[in-house]
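Since the structure comes first, as structure tokens, the remarks are kept for the end.
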Amino acid sequence: MNYIESLLPESIKSIPTHMDFDGQRRAERYFQVIIVLYAIVGFVWGYATQSFSQTLYILFAGVFLSSVLTLVPWKMYRSQPLQWQPARVEQDSATPSPPAVTGNPGSQSKSKKKKIKE
């Protein structure tokens with residue numbers, strides 16, 4: 001994959017390929033609304049003309065339109081980027097690290113098990 005990526009011109013590599021969380025929510029909502037509206041219109045038109053193929057053509061047009069509007073990361077889906085916290089500076093090794101937990105804290109020793117049985 002890196003080989004193919006190295007062949008691409010820089011203008012193609014600079015195209016943004018992400019959406020923020022709010023953009024993902026809006027794209028999902030637009031997708032659902034468009035599909036449902038085209039399905040209703042397709043059903044009504046197909047029922048009126050008594051042609052199931054007309055219903056499917058209208059529904060497929062809605063799927064195509066919603067795909068073009070929601071699968072491409074348009075600028076409207078990248079308007080509220082997530083602000084990450086700045087990276088922490090690594091601490092030097094002179095600072096003591098927290099003690100490591102050894103063993104299974106839920107297990108009991110043999111002597112405790114013997115006392116419980118007695």
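What follows is calculated from the coordinates using simple rules that are stated; it is not laboratory data. Source: prediction; values computed, not measured. Cβ sites come from the backbone with ideal geometry, for glycine too, and all protein chains shown count toward neighbours.
Data for the structure
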item: Over 17 Å [Cα-Cα, the stretch 37-77], rounded percent; result: 38 percent
item: Loop-located chymotrypsin sites (Phe, Trp or Tyr not before Pro) in the stretch 1-96, at most 13 other Cβ atoms within 10 Å (DSSP); result: TRP84
item: In Hz, Karplus ³J(HN,Hα) per residue of the stretch 51-60 (6.51, -1.76, 1.60; θ = phi - 60°; x = Gly, Pro); result: 9, 5, 5, 5, 4, 5, 4, 5, 5, 5
item: Length-normalised contact order of the stretch 18-80 in % [C-alpha pairs under 8 Å, at least 6 apart]; result: 54 percent
